[in-house]
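Notes to accompany the following structure.
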Amino acid sequence: MRSDIIKFGVERAPHRAIWKCLGVTDEDLDKPFIGIANSFTELVPGHMHLDKLVEYVKAGVRAAGGVPFEFNTIAICDGLAMGHEGMHYSLPSREIIADSVEVMAEAYHFDGLVLLANCDKITPGMMMAAARLNIPAIVVTGGPMLSGKYGRRRVDVTAIFEAIGEYSAGKISLDDLKALEDYAFPTCGSCNGMYTANTMACIAEALGLSLPGCATSLAVLSKKARIAKKSGERIVEMVKEDLKPIDILTRKAFENAIAVDMALGGSTNAVLHLKAIAEEANVDLPLEAFDEIARKVPHICDMRPSGPHDLEELDVAGGIPAVMSMLRDKLHLDAITVTGKTVGENIKEARVYDPEVIRSPSDPIHHQGGIAVLFGNLAPNGAVTKVTAISPKALVFSGPVRVFDSEEDAMKAILNREVNVGEVVVIRYEGPKGGPGMREMLAPTAAIAGMGLSDSVALITDGRFSGATRGPCIGHVSPEAAEGGPIAALKDGDIIRINVPARRLDVELSDEEVKRRLSSWKPRRPKIFKGCLRRYWYFVQSADKGGSLKSPPP
(Lines give C-alpha, C1' and ligand atoms only; values in the text may rest on other atoms or scores of the structure.)
Protein backbone atom coordinates (compact mmCIF):
# COMPACT_ATOMS: atom_id res chain seq x y z
CA MET A 1 0.00 0.00 0.00
CA ARG A 2 1.04 3.59 -0.60
CA SER A 3 1.14 4.30 3.14
CA ASP A 4 3.65 1.51 3.81
CA ILE A 5 6.45 3.99 3.24
CA ILE A 6 5.58 5.75 6.51
CA LYS A 7 4.62 2.65 8.50
CA PHE A 8 7.10 -0.19 8.09
CA GLY A 9 10.82 -0.86 8.54
CA VAL A 10 13.28 -0.29 11.35
CA GLU A 11 13.88 3.28 10.21
CA ARG A 12 10.15 4.02 10.59
CA ALA A 13 10.08 3.39 14.34
CA PRO A 14 9.74 7.17 15.00
CA HIS A 15 6.87 7.32 12.55
CA ARG A 16 5.11 4.39 14.23
CA ALA A 17 5.58 6.07 17.59
CA ILE A 18 3.80 9.18 16.28
CA TRP A 19 0.99 7.09 14.77
CA LYS A 20 0.54 5.33 18.10
CA CYS A 21 0.40 8.68 19.84
CA LEU A 22 -2.59 9.39 17.56
CA GLY A 23 -4.34 6.19 18.64
CA VAL A 24 -3.18 3.86 15.87
CA THR A 25 -2.67 0.28 17.02
CA ASP A 26 -0.22 -2.31 15.71
CA GLU A 27 -3.17 -4.02 14.01
CA ASP A 28 -4.16 -0.76 12.30
CA LEU A 29 -0.79 -0.52 10.59
CA ASP A 30 -1.79 -3.29 8.19
CA LYS A 31 -4.96 -1.44 7.13
CA PRO A 32 -5.42 1.21 4.43
CA PHE A 33 -4.92 4.75 5.74
CA ILE A 34 -7.71 6.96 4.42
CA GLY A 35 -7.46 10.76 4.48
CA ILE A 36 -10.74 12.66 4.81
CA ALA A 37 -10.51 16.22 3.51
CA ASN A 38 -13.34 17.94 5.40
CA SER A 39 -14.26 21.51 4.51
CA PHE A 40 -16.36 21.98 7.66
CA THR A 41 -16.65 25.56 8.83
CA GLU A 42 -19.09 27.54 10.95
CA LEU A 43 -19.14 30.26 8.26
CA VAL A 44 -20.94 28.48 5.39
CA PRO A 45 -24.51 27.11 5.56
CA GLY A 46 -23.53 24.36 3.15
CA HIS A 47 -20.69 23.26 5.41
CA MET A 48 -21.94 23.89 8.94
CA HIS A 49 -23.10 20.27 9.29
CA LEU A 50 -20.06 18.54 7.81
CA ASP A 51 -18.59 17.96 11.27
CA LYS A 52 -21.54 15.61 11.83
CA LEU A 53 -21.55 14.06 8.36
CA VAL A 54 -17.86 13.19 8.55
CA GLU A 55 -18.57 10.80 11.43
CA TYR A 56 -20.62 8.65 9.06
CA VAL A 57 -17.76 8.66 6.56
CA LYS A 58 -15.38 7.52 9.30
CA ALA A 59 -17.78 4.79 10.38
CA GLY A 60 -17.87 3.51 6.82
CA VAL A 61 -14.09 3.52 6.52
CA ARG A 62 -13.74 1.58 9.78
CA ALA A 63 -16.48 -0.89 8.83
CA ALA A 64 -14.64 -1.71 5.60
CA GLY A 65 -11.33 -2.23 7.37
CA GLY A 66 -9.62 1.12 6.91
CA VAL A 67 -8.25 3.74 9.29
CA PRO A 68 -9.72 7.26 8.82
CA PHE A 69 -7.77 10.48 9.39
CA GLU A 70 -9.67 13.76 9.14
CA PHE A 71 -8.07 17.05 8.13
CA ASN A 72 -9.58 20.34 7.06
CA THR A 73 -9.55 22.84 4.22
CA ILE A 74 -10.79 26.41 3.96
CA ALA A 75 -14.26 27.27 2.64
CA ILE A 76 -15.70 30.59 1.44
CA CYS A 77 -19.43 31.32 1.30
CA ASP A 78 -19.95 33.26 -1.92
CA GLY A 79 -23.10 34.78 -0.50
CA LEU A 80 -21.19 36.37 2.37
CA ALA A 81 -18.29 37.38 0.11
CA MET A 82 -20.61 38.89 -2.51
CA GLY A 83 -20.58 42.58 -3.39
CA HIS A 84 -17.40 43.66 -1.60
CA GLU A 85 -13.65 43.01 -1.61
CA GLY A 86 -14.14 39.52 -0.16
CA MET A 87 -15.31 38.20 -3.52
CA HIS A 88 -11.82 38.76 -4.92
CA TYR A 89 -10.74 35.79 -2.80
CA SER A 90 -13.44 33.29 -3.77
CA LEU A 91 -12.14 31.85 -7.06
CA PRO A 92 -8.50 31.94 -5.89
CA SER A 93 -9.57 29.84 -2.89
CA ARG A 94 -10.22 26.98 -5.33
CA GLU A 95 -6.49 26.75 -6.04
CA ILE A 96 -5.61 26.99 -2.34
CA ILE A 97 -8.01 24.15 -1.55
CA ALA A 98 -6.51 21.95 -4.27
CA ASP A 99 -3.03 22.75 -2.99
CA SER A 100 -3.92 22.04 0.64
CA VAL A 101 -5.37 18.62 -0.17
CA GLU A 102 -2.29 17.82 -2.25
CA VAL A 103 0.03 18.89 0.57
CA MET A 104 -1.72 16.73 3.16
CA ALA A 105 -2.09 13.68 0.92
CA GLU A 106 1.56 13.73 -0.13
CA ALA A 107 2.93 14.50 3.33
CA TYR A 108 1.03 11.61 4.93
CA HIS A 109 1.01 9.22 1.98
CA PHE A 110 -2.64 8.29 2.37
CA ASP A 111 -3.79 5.22 0.47
CA GLY A 112 -7.07 6.89 -0.45
CA LEU A 113 -9.06 10.08 -0.01
CA VAL A 114 -12.63 11.00 0.83
CA LEU A 115 -13.33 14.57 -0.28
CA LEU A 116 -16.12 16.06 1.86
CA ALA A 117 -17.26 19.34 0.32
CA ASN A 118 -20.39 21.19 -0.75
CA CYS A 119 -20.13 24.75 -2.06
CA ASP A 120 -19.04 26.77 -5.05
CA LYS A 121 -15.23 26.63 -5.17
CA ILE A 122 -14.68 23.89 -2.60
CA THR A 123 -16.09 20.96 -4.57
CA PRO A 124 -14.16 21.76 -7.77
CA GLY A 125 -11.00 22.46 -5.75
CA MET A 126 -11.29 19.02 -4.19
CA MET A 127 -11.81 17.38 -7.59
CA MET A 128 -8.79 19.22 -8.99
CA ALA A 129 -6.73 17.76 -6.15
CA ALA A 130 -8.07 14.27 -6.85
CA ALA A 131 -7.02 14.50 -10.49
CA ARG A 132 -3.62 15.94 -9.59
CA LEU A 133 -2.81 13.32 -6.95
CA ASN A 134 -4.33 10.35 -8.77
CA ILE A 135 -4.77 8.17 -5.72
CA PRO A 136 -8.13 6.46 -5.06
CA ALA A 137 -10.62 9.19 -4.18
CA ILE A 138 -14.36 9.64 -3.75
CA VAL A 139 -16.36 12.86 -3.43
CA VAL A 140 -19.12 13.28 -0.83
CA THR A 141 -21.11 16.49 -1.25
CA GLY A 142 -23.00 17.76 1.79
CA GLY A 143 -26.37 18.20 0.11
CA PRO A 144 -28.83 21.02 -0.60
CA MET A 145 -30.89 22.88 2.00
CA LEU A 146 -34.67 22.99 2.11
CA SER A 147 -36.39 25.91 0.40
CA GLY A 148 -37.50 28.81 2.57
CA LYS A 149 -41.19 29.70 2.80
CA TYR A 150 -42.58 33.22 3.21
CA GLY A 151 -46.33 32.86 3.31
CA ARG A 152 -47.07 30.73 0.25
CA ARG A 153 -44.02 31.98 -1.57
CA ARG A 154 -40.90 29.85 -1.92
CA VAL A 155 -37.86 32.00 -1.13
CA ASP A 156 -34.11 31.54 -1.37
CA VAL A 157 -30.85 33.32 -2.25
CA THR A 158 -32.33 34.72 -5.45
CA ALA A 159 -35.32 36.16 -3.62
CA ILE A 160 -33.25 37.98 -1.01
CA PHE A 161 -30.72 39.43 -3.47
CA GLU A 162 -33.44 40.57 -5.88
CA ALA A 163 -35.35 42.08 -2.94
CA ILE A 164 -32.70 44.81 -2.77
CA GLY A 165 -33.69 45.98 -6.24
CA GLU A 166 -37.38 45.58 -5.39
CA TYR A 167 -36.97 47.79 -2.34
CA SER A 168 -35.01 50.39 -4.36
CA ALA A 169 -37.84 50.42 -6.90
CA GLY A 170 -40.43 50.90 -4.15
CA LYS A 171 -42.03 47.51 -4.76
CA ILE A 172 -41.57 46.18 -1.21
CA SER A 173 -41.20 47.68 2.25
CA LEU A 174 -38.35 47.38 4.75
CA ASP A 175 -40.56 45.00 6.74
CA ASP A 176 -40.87 42.75 3.68
CA LEU A 177 -37.11 42.84 3.21
CA LYS A 178 -36.57 41.90 6.88
CA ALA A 179 -39.02 39.00 6.57
CA LEU A 180 -37.16 37.66 3.55
CA GLU A 181 -33.92 37.81 5.56
CA ASP A 182 -35.54 35.65 8.21
CA TYR A 183 -36.93 32.96 5.88
CA ALA A 184 -34.56 32.73 2.89
CA PHE A 185 -32.14 30.17 4.38
CA PRO A 186 -34.07 27.75 6.63
CA THR A 187 -31.60 24.88 7.13
CA CYS A 188 -28.02 23.77 6.69
CA GLY A 189 -26.99 22.78 3.16
CA SER A 190 -26.13 24.41 -0.14
CA CYS A 191 -28.61 26.88 -1.68
CA ASN A 192 -31.77 25.13 -2.84
CA GLY A 193 -31.61 25.63 -6.63
CA MET A 194 -29.30 24.82 -9.51
CA TYR A 195 -26.79 27.40 -8.36
CA THR A 196 -23.05 26.75 -8.59
CA ALA A 197 -22.80 24.55 -5.47
CA ASN A 198 -25.49 22.11 -6.57
CA THR A 199 -24.36 22.32 -10.20
CA MET A 200 -20.91 21.11 -9.14
CA ALA A 201 -22.37 18.41 -6.89
CA CYS A 202 -24.39 17.12 -9.84
CA ILE A 203 -21.31 17.32 -12.04
CA ALA A 204 -19.26 15.34 -9.49
CA GLU A 205 -21.86 12.58 -9.67
CA ALA A 206 -22.11 12.77 -13.47
CA LEU A 207 -18.31 12.58 -13.77
CA GLY A 208 -18.44 9.36 -11.76
CA LEU A 209 -16.63 10.68 -8.67
CA SER A 210 -19.63 10.42 -6.28
CA LEU A 211 -21.96 7.54 -5.50
CA PRO A 212 -25.31 7.60 -7.35
CA GLY A 213 -27.82 9.77 -5.51
CA CYS A 214 -25.21 11.77 -3.62
CA ALA A 215 -25.66 15.13 -5.38
CA THR A 216 -29.35 15.71 -4.72
CA SER A 217 -29.88 14.04 -1.32
CA LEU A 218 -30.69 16.86 1.09
CA ALA A 219 -28.33 17.89 3.87
CA VAL A 220 -31.03 17.33 6.50
CA LEU A 221 -31.98 13.81 5.43
CA SER A 222 -30.79 10.49 6.84
CA LYS A 223 -30.29 9.43 3.22
CA LYS A 224 -27.28 11.74 3.11
CA ALA A 225 -25.78 10.09 6.18
CA ARG A 226 -26.20 6.65 4.62
CA ILE A 227 -24.51 7.77 1.41
CA ALA A 228 -21.65 9.23 3.46
CA LYS A 229 -21.20 5.91 5.25
CA LYS A 230 -21.33 3.94 2.02
CA SER A 231 -18.76 6.30 0.52
CA GLY A 232 -16.44 5.58 3.46
CA GLU A 233 -16.85 1.87 2.83
CA ARG A 234 -16.36 2.24 -0.89
CA ILE A 235 -13.06 4.15 -0.69
CA VAL A 236 -11.45 1.21 1.12
CA GLU A 237 -12.62 -1.10 -1.65
CA MET A 238 -11.29 1.35 -4.26
CA VAL A 239 -7.86 1.24 -2.61
CA LYS A 240 -7.87 -2.55 -2.85
CA GLU A 241 -9.00 -2.35 -6.49
CA ASP A 242 -6.49 0.44 -7.23
CA LEU A 243 -9.28 2.43 -8.92
CA LYS A 244 -7.89 5.95 -9.42
CA PRO A 245 -9.32 9.29 -10.55
CA ILE A 246 -7.54 9.24 -13.90
CA ASP A 247 -9.28 5.92 -14.63
CA ILE A 248 -12.56 7.80 -14.19
CA LEU A 249 -11.78 11.32 -15.44
CA THR A 250 -11.60 10.56 -19.15
CA ARG A 251 -12.82 12.74 -22.01
CA LYS A 252 -15.95 10.57 -22.03
CA ALA A 253 -16.61 11.40 -18.37
CA PHE A 254 -16.26 15.13 -19.00
CA GLU A 255 -18.63 14.94 -21.97
CA ASN A 256 -21.14 13.10 -19.78
CA ALA A 257 -20.84 15.80 -17.12
CA ILE A 258 -21.35 18.58 -19.66
CA ALA A 259 -24.41 16.78 -21.05
CA VAL A 260 -25.97 16.49 -17.58
CA ASP A 261 -25.17 20.13 -16.85
CA MET A 262 -26.90 21.18 -20.06
CA ALA A 263 -29.96 19.11 -19.22
CA LEU A 264 -30.14 20.72 -15.77
CA GLY A 265 -29.54 24.31 -16.91
CA GLY A 266 -26.65 24.64 -14.45
CA SER A 267 -24.44 27.55 -13.52
CA THR A 268 -22.02 29.09 -16.04
CA ASN A 269 -19.32 28.62 -13.39
CA ALA A 270 -19.34 24.96 -14.38
CA VAL A 271 -17.41 25.93 -17.50
CA LEU A 272 -14.58 27.43 -15.43
CA HIS A 273 -14.44 24.51 -13.04
CA LEU A 274 -14.73 21.67 -15.54
CA LYS A 275 -11.93 23.14 -17.62
CA ALA A 276 -9.73 23.47 -14.53
CA ILE A 277 -10.42 19.88 -13.46
CA ALA A 278 -9.76 18.67 -17.01
CA GLU A 279 -6.43 20.47 -17.04
CA GLU A 280 -5.39 18.66 -13.85
CA ALA A 281 -6.48 15.37 -15.44
CA ASN A 282 -4.56 16.17 -18.67
CA VAL A 283 -7.79 15.97 -20.68
CA ASP A 284 -8.21 18.32 -23.64
CA LEU A 285 -11.53 20.10 -23.14
CA PRO A 286 -11.85 23.10 -25.47
CA LEU A 287 -14.46 25.77 -24.82
CA GLU A 288 -16.18 24.81 -28.06
CA ALA A 289 -17.00 21.37 -26.61
CA PHE A 290 -19.53 22.94 -24.25
CA ASP A 291 -21.40 24.56 -27.10
CA GLU A 292 -21.27 21.48 -29.30
CA ILE A 293 -22.83 19.36 -26.55
CA ALA A 294 -25.35 22.08 -25.70
CA ARG A 295 -26.68 21.99 -29.24
CA LYS A 296 -27.31 18.23 -28.96
CA VAL A 297 -28.66 17.89 -25.42
CA PRO A 298 -32.10 19.24 -24.47
CA HIS A 299 -32.82 21.18 -21.29
CA ILE A 300 -35.19 18.86 -19.41
CA CYS A 301 -35.13 20.09 -15.78
CA ASP A 302 -36.60 23.55 -15.09
CA MET A 303 -34.65 24.35 -11.94
CA ARG A 304 -34.44 27.43 -9.79
CA PRO A 305 -33.46 30.26 -10.20
CA SER A 306 -34.97 30.45 -13.69
CA GLY A 307 -37.51 27.65 -13.16
CA PRO A 308 -39.92 26.53 -10.43
CA HIS A 309 -38.26 23.37 -9.10
CA ASP A 310 -35.78 23.00 -6.25
CA LEU A 311 -33.29 20.26 -5.40
CA GLU A 312 -35.69 18.50 -3.05
CA GLU A 313 -38.08 17.99 -5.96
CA LEU A 314 -35.25 16.81 -8.23
CA ASP A 315 -34.15 14.29 -5.61
CA VAL A 316 -37.67 12.93 -5.13
CA ALA A 317 -38.07 12.73 -8.92
CA GLY A 318 -35.11 10.36 -9.15
CA GLY A 319 -32.02 12.57 -8.93
CA ILE A 320 -29.07 12.47 -11.30
CA PRO A 321 -29.43 8.74 -12.13
CA ALA A 322 -32.93 9.47 -13.45
CA VAL A 323 -31.70 12.50 -15.41
CA MET A 324 -28.94 10.39 -16.94
CA SER A 325 -31.44 7.66 -17.80
CA MET A 326 -33.33 10.24 -19.87
CA LEU A 327 -30.09 11.09 -21.70
CA ARG A 328 -28.96 7.54 -22.44
CA ASP A 329 -28.47 8.12 -26.14
CA LYS A 330 -26.41 11.27 -25.42
CA LEU A 331 -24.02 9.68 -22.91
CA HIS A 332 -20.99 7.43 -22.91
CA LEU A 333 -22.53 4.55 -21.00
CA ASP A 334 -19.22 2.67 -20.82
CA ALA A 335 -17.52 5.35 -18.70
CA ILE A 336 -16.26 3.89 -15.39
CA THR A 337 -17.29 5.39 -12.02
CA VAL A 338 -16.30 5.17 -8.34
CA THR A 339 -18.76 2.29 -7.94
CA GLY A 340 -16.43 0.18 -10.07
CA LYS A 341 -19.29 -0.08 -12.53
CA THR A 342 -20.04 1.82 -15.70
CA VAL A 343 -22.53 4.67 -16.06
CA GLY A 344 -24.82 2.30 -17.94
CA GLU A 345 -24.75 -0.21 -15.09
CA ASN A 346 -25.33 2.51 -12.49
CA ILE A 347 -28.46 3.87 -14.18
CA LYS A 348 -29.88 0.54 -15.33
CA GLU A 349 -32.62 0.57 -12.68
CA ALA A 350 -33.07 4.35 -12.53
CA ARG A 351 -36.63 5.65 -12.78
CA VAL A 352 -38.24 9.05 -13.23
CA TYR A 353 -40.85 9.46 -10.50
CA ASP A 354 -42.05 12.91 -11.52
CA PRO A 355 -42.09 13.68 -15.27
CA GLU A 356 -42.90 17.33 -14.54
CA VAL A 357 -39.52 17.75 -12.80
CA ILE A 358 -37.46 15.48 -15.08
CA ARG A 359 -39.03 15.76 -18.49
CA SER A 360 -38.64 13.54 -21.50
CA PRO A 361 -36.17 14.70 -24.18
CA SER A 362 -39.12 14.59 -26.56
CA ASP A 363 -40.91 17.22 -24.43
CA PRO A 364 -38.09 19.48 -23.13
CA ILE A 365 -38.18 22.95 -21.67
CA HIS A 366 -35.70 23.96 -24.36
CA HIS A 367 -34.50 21.87 -27.27
CA GLN A 368 -30.89 22.84 -26.57
CA GLY A 369 -28.83 22.84 -23.39
CA GLY A 370 -28.54 25.51 -20.75
CA ILE A 371 -25.19 27.13 -21.62
CA ALA A 372 -24.06 28.86 -24.80
CA VAL A 373 -20.55 29.93 -25.80
CA LEU A 374 -20.45 33.16 -27.81
CA PHE A 375 -17.67 34.49 -30.05
CA GLY A 376 -17.26 37.77 -31.92
CA ASN A 377 -15.11 40.87 -32.13
CA LEU A 378 -15.86 41.65 -28.47
CA ALA A 379 -14.94 38.13 -27.33
CA PRO A 380 -12.42 36.61 -29.76
CA ASN A 381 -11.60 33.82 -27.28
CA GLY A 382 -15.18 33.30 -26.17
CA ALA A 383 -17.79 34.32 -23.62
CA VAL A 384 -20.39 32.31 -21.73
CA THR A 385 -24.09 32.80 -21.00
CA LYS A 386 -26.86 30.79 -19.35
CA VAL A 387 -29.48 30.49 -22.09
CA THR A 388 -32.11 28.98 -19.83
CA ALA A 389 -32.07 32.08 -17.63
CA ILE A 390 -32.80 34.45 -20.54
CA SER A 391 -36.29 35.36 -21.71
CA PRO A 392 -36.82 34.32 -25.36
CA LYS A 393 -37.46 37.95 -26.30
CA ALA A 394 -34.01 38.95 -24.97
CA LEU A 395 -31.96 36.29 -26.77
CA VAL A 396 -31.26 38.85 -29.49
CA PHE A 397 -30.41 42.20 -27.96
CA SER A 398 -28.64 45.36 -29.06
CA GLY A 399 -28.15 48.70 -27.43
CA PRO A 400 -25.75 51.45 -26.35
CA VAL A 401 -23.04 50.68 -23.84
CA ARG A 402 -22.74 51.98 -20.29
CA VAL A 403 -19.16 51.18 -19.27
CA PHE A 404 -18.08 50.65 -15.65
CA ASP A 405 -14.60 49.70 -14.52
CA SER A 406 -15.74 47.99 -11.32
CA GLU A 407 -18.74 46.20 -9.85
CA GLU A 408 -19.11 48.92 -7.20
CA ASP A 409 -19.46 51.69 -9.79
CA ALA A 410 -22.07 49.71 -11.71
CA MET A 411 -24.03 48.86 -8.56
CA LYS A 412 -24.15 52.50 -7.52
CA ALA A 413 -25.54 53.55 -10.91
CA ILE A 414 -28.12 50.76 -10.94
CA LEU A 415 -29.45 51.52 -7.46
CA ASN A 416 -29.54 55.25 -8.31
CA ARG A 417 -31.73 54.31 -11.30
CA GLU A 418 -29.22 55.73 -13.75
CA VAL A 419 -29.39 52.68 -16.05
CA ASN A 420 -32.02 52.93 -18.75
CA VAL A 421 -34.14 50.45 -20.65
CA GLY A 422 -32.36 49.16 -23.74
CA GLU A 423 -28.82 49.77 -22.48
CA VAL A 424 -25.99 47.26 -22.22
CA VAL A 425 -24.14 47.51 -18.91
CA VAL A 426 -20.49 46.50 -19.25
CA ILE A 427 -18.49 45.75 -16.10
CA ARG A 428 -14.82 45.25 -16.93
CA TYR A 429 -11.50 44.82 -15.09
CA GLU A 430 -13.20 42.10 -13.05
CA GLY A 431 -11.65 39.11 -14.82
CA PRO A 432 -9.26 36.55 -13.28
CA LYS A 433 -6.30 38.92 -13.60
CA GLY A 434 -8.12 42.26 -13.59
CA GLY A 435 -10.03 41.70 -10.36
CA PRO A 436 -7.93 39.94 -9.43
CA GLY A 437 -10.09 36.94 -8.69
CA MET A 438 -12.95 37.19 -11.21
CA ARG A 439 -15.74 38.30 -8.91
CA GLU A 440 -19.33 37.18 -9.32
CA MET A 441 -21.77 39.87 -10.41
CA LEU A 442 -24.88 38.63 -8.58
CA ALA A 443 -25.49 41.93 -6.77
CA PRO A 444 -25.88 44.05 -9.95
CA THR A 445 -27.77 41.39 -11.91
CA ALA A 446 -30.13 40.75 -8.99
CA ALA A 447 -30.68 44.50 -8.55
CA ILE A 448 -31.54 44.83 -12.25
CA ALA A 449 -33.96 41.89 -11.99
CA GLY A 450 -35.51 43.23 -8.80
CA MET A 451 -36.19 46.56 -10.54
CA GLY A 452 -38.04 44.75 -13.32
CA LEU A 453 -35.36 45.32 -15.97
CA SER A 454 -34.08 41.76 -16.46
CA ASP A 455 -35.50 41.55 -19.99
CA SER A 456 -34.70 45.12 -21.04
CA VAL A 457 -31.13 45.65 -19.77
CA ALA A 458 -28.22 43.39 -20.73
CA LEU A 459 -25.04 42.95 -18.70
CA ILE A 460 -21.65 41.92 -20.07
CA THR A 461 -18.52 41.33 -17.99
CA ASP A 462 -15.08 39.78 -18.07
CA GLY A 463 -15.97 38.64 -14.55
CA ARG A 464 -18.43 35.86 -13.85
CA PHE A 465 -21.95 35.28 -12.59
CA SER A 466 -23.56 33.44 -9.74
CA GLY A 467 -25.76 30.48 -10.53
CA ALA A 468 -28.55 32.71 -9.22
CA THR A 469 -28.14 35.23 -12.06
CA ARG A 470 -30.91 35.52 -14.64
CA GLY A 471 -31.51 37.73 -17.66
CA PRO A 472 -29.36 38.54 -20.74
CA CYS A 473 -26.06 38.33 -18.87
CA ILE A 474 -22.82 37.34 -20.59
CA GLY A 475 -19.65 36.65 -18.64
CA HIS A 476 -16.14 35.23 -18.99
CA VAL A 477 -15.43 37.65 -21.87
CA SER A 478 -11.97 36.70 -23.13
CA PRO A 479 -9.43 38.19 -23.50
CA GLU A 480 -10.27 40.23 -20.42
CA ALA A 481 -9.77 43.98 -20.11
CA ALA A 482 -6.68 43.58 -17.92
CA GLU A 483 -4.97 41.76 -20.79
CA GLY A 484 -5.93 44.37 -23.37
CA GLY A 485 -8.91 42.50 -24.78
CA PRO A 486 -11.41 44.36 -27.00
CA ILE A 487 -13.65 44.94 -23.97
CA ALA A 488 -11.01 47.42 -22.76
CA ALA A 489 -11.62 49.54 -25.89
CA LEU A 490 -15.32 50.16 -25.24
CA LYS A 491 -16.69 53.65 -24.65
CA ASP A 492 -20.10 54.84 -23.51
CA GLY A 493 -22.49 54.90 -26.43
CA ASP A 494 -20.85 52.16 -28.50
CA ILE A 495 -23.48 49.75 -29.84
CA ILE A 496 -23.24 46.11 -28.79
CA ARG A 497 -25.07 43.31 -30.58
CA ILE A 498 -25.92 40.11 -28.71
CA ASN A 499 -27.25 37.18 -30.74
CA VAL A 500 -27.42 34.07 -28.58
CA PRO A 501 -28.98 31.77 -31.23
CA ALA A 502 -26.16 32.73 -33.61
CA ARG A 503 -23.60 32.55 -30.76
CA ARG A 504 -22.33 36.06 -31.49
CA LEU A 505 -21.15 38.93 -29.29
CA ASP A 506 -20.05 41.98 -31.27
CA VAL A 507 -19.50 45.71 -30.93
CA GLU A 508 -20.25 47.93 -33.92
CA LEU A 509 -16.65 49.01 -34.37
CA SER A 510 -14.24 48.17 -37.15
CA ASP A 511 -11.15 46.12 -36.38
CA GLU A 512 -9.10 49.21 -37.21
CA GLU A 513 -10.99 51.34 -34.67
CA VAL A 514 -10.58 48.72 -31.93
CA LYS A 515 -6.84 48.55 -32.65
CA ARG A 516 -6.58 52.35 -32.68
CA ARG A 517 -8.21 52.63 -29.27
CA LEU A 518 -6.14 49.83 -27.79
CA SER A 519 -2.90 51.39 -29.09
CA SER A 520 -3.13 53.94 -26.27
CA TRP A 521 -4.31 51.39 -23.67
CA LYS A 522 -2.03 50.72 -20.71
CA PRO A 523 -2.28 47.94 -18.10
CA ARG A 524 -3.60 49.10 -14.75
CA ARG A 525 -2.64 47.99 -11.29
CA PRO A 526 -5.21 45.57 -9.82
CA LYS A 527 -7.47 46.82 -7.05
CA ILE A 528 -5.82 44.50 -4.53
CA PHE A 529 -2.17 43.71 -5.08
CA LYS A 530 -0.84 41.92 -2.01
CA GLY A 531 -0.45 38.48 -0.49
CA CYS A 532 -2.07 35.51 -2.18
CA LEU A 533 -3.91 37.71 -4.69
CA ARG A 534 -0.62 39.09 -5.94
CA ARG A 535 0.68 35.57 -6.53
CA TYR A 536 -2.65 34.61 -8.12
CA TRP A 537 -2.46 37.63 -10.45
CA TYR A 538 0.97 36.57 -11.62
CA PHE A 539 0.04 32.97 -12.51
CA VAL A 540 -3.67 33.05 -13.37
CA GLN A 541 -4.81 32.29 -16.92
CA SER A 542 -7.85 33.71 -18.67
CA ALA A 543 -11.43 32.54 -18.25
CA ASP A 544 -11.37 30.55 -21.49
CA LYS A 545 -8.68 28.42 -19.81
CA GLY A 546 -10.78 27.93 -16.69
CA GLY A 547 -9.09 30.66 -14.67
CA SER A 548 -6.52 28.03 -13.70
CA LEU A 549 -2.90 28.77 -12.84
CA LYS A 550 -0.19 28.42 -15.43
CA SER A 551 2.88 26.44 -14.50
CA PRO A 552 5.85 28.59 -13.52
CA PRO A 553 8.85 28.56 -15.87
CA PRO A 554 11.41 25.82 -15.19
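Tabulated values for the structure
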read-out: Qualifying positions in region 410-427 - crowded, with 24+ Cβ neighbours inside 10 Å and in contact with a helix residue (DSSP H, G or I) (Cβ under 9 Å, 6 or more places away or on another chain); value: Ala410, Ile414, Val425, Val426, Ile427
read-out: Checking Lys530 against (1) within 25 Å of Ala276 (Cβ to Cβ); (2) of a type outside the set (Ser, Thr, Tyr); (3) open to solvent by less than 10 Å² (accessible area, probe 1.4 Å), the condition it does not meet; value: (3)
read-out: Pick from region 58-95, criterion open to solvent by 20 Å² or more (accessible area, probe 1.4 Å) and charged (D, E, K, R), ranking: nearest to Met411 (Cα to Cα); value: Glu85
read-out: Arg132 vs. criteria free of Cβ contacts under 8 Å to residues at least 12 places away in the same chain and charged (D, E, K, R); value: no
read-out: Matching residues, region 135-184, being aliphatic (A, V, I, L, M) and under 29 Å from Gly208 (Cα atoms); value: Ile135, Ala137, Ile138, Val139, Val140, Met145, Leu146, Val157
read-out: Gly344 touching a Leu at 6+ places or on another chain (Cβ under 9 Å) and at pLDDT below 95; value: no
read-out: Unique match (being assigned to a helix (DSSP H, G or I) and surrounded by 24 or more Cβ atoms within 10 Å (Cβ to Cβ)) among Ala107, Ala163, Ala98, Ala159; value: Ala98
read-out: Residue in region 167-194 that is nearest to the chain's Cα centre (by Cα), counting only those that are open to solvent by 10 Å² or more (accessible area, probe 1.4 Å) and closer than 28 Å to Arg234 by Cα; value: Cys191
read-out: Residues being over 22 Å from the mean Cα position of the chain (by Cα), open to solvent by 10 Å² or more (accessible area, probe 1.4 Å) and on the phi < 0 side of the Ramachandran plot - total across region 136-156; value: 5
read-out: Neighbours by Cβ (under 6 Å, 6+ apart or cross-chain): first from region 231-259, over 14 Å from Pro68 (Cα atoms) and of a type in the set (Val, Ile, Thr); second open to solvent by 10 Å² or more (accessible area, probe 1.4 Å) and in a helix (DSSP H, G or I); value: Ile258/Ile293
read-out: Test: residue in region 273-288 that is closer than 13 Å to Ile358 by Cα and either touching a residue at least 40 places away in the same chain (Cβ under 8 Å) or not in a strand (DSSP E or B) (or both); value: no
read-out: Test for Ser520: is it over 23 Å from the mean Cα position of the chain (by Cα) and small (Gly, Ala, Ser); value: yes
read-out: So Ala488, is it within 22 Å of Leu287 (Cβ to Cβ), open to solvent by 10 Å² or more (accessible area, probe 1.4 Å), touching a residue at least 60 places away in the same chain (Cβ under 8 Å) and aliphatic (A, V, I, L, M); value: yes
read-out: Test: residue in region 140-153 that is closer than 23 Å to Phe465 by Cβ and part of a helix (DSSP H, G or I); value: no
read-out: Residue check, Leu505 over 30 Å from Tyr167 (Cα atoms), more than 20 Å from the chain's Cα centre (by Cα), surrounded by 15 or more Cβ atoms within 10 Å (Cβ to Cβ) and of a type outside the set (Val, Ile, Thr); value: yes
read-out: Residue in region 256-264 that is buried (at least 22 other Cβ atoms within 10 Å of the Cβ), touching a Ser or Thr at 6+ places or on another chain (Cβ under 8 Å) and over 22 Å from Asn134 (Cα atoms) present; value: yes
read-out: Of residues in region 351-409 being more than 27 Å from Met303 (Cβ to Cβ) and among the small types (Gly, Ala, Ser), the one surrounded by the fewest Cβ atoms within 10 Å (Cβ to Cβ); value: Ser398
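Residues checked against (1) surrounded by fewer than 24 Cβ atoms within 10 Å (Cβ to Cβ); (2) under 21 Å from Ala372 (Cβ atoms); (3) touching an Asp or Glu at 6+ places or on another chain (Cβ under 9 Å):
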{"position": "Leu442", "(1), (2), (3)": "no, yes, yes"}
{"position": "Gly467", "(1), (2), (3)": "no, yes, yes"}
{"position": "Asp494", "(1), (2), (3)": "yes, no, yes"}
{"position": "Asn499", "(1), (2), (3)": "yes, yes, yes"}
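The values are calculated or read from the model by the stated rules, or taken from the named source; none is laboratory data. Because the structure is a prediction, the values reported are computed rather than measured. Glycine gets a Cβ as well: all are built from the backbone with ideal geometry, and neighbour counts include every protein chain shown. Quick note on the areas: whole protein, heavy atoms, side chains included, nothing else; ligands and nucleic acids left out. Shrake-Rupley method; radii C 1.70, N 1.55, O 1.52, S 1.80 Å.
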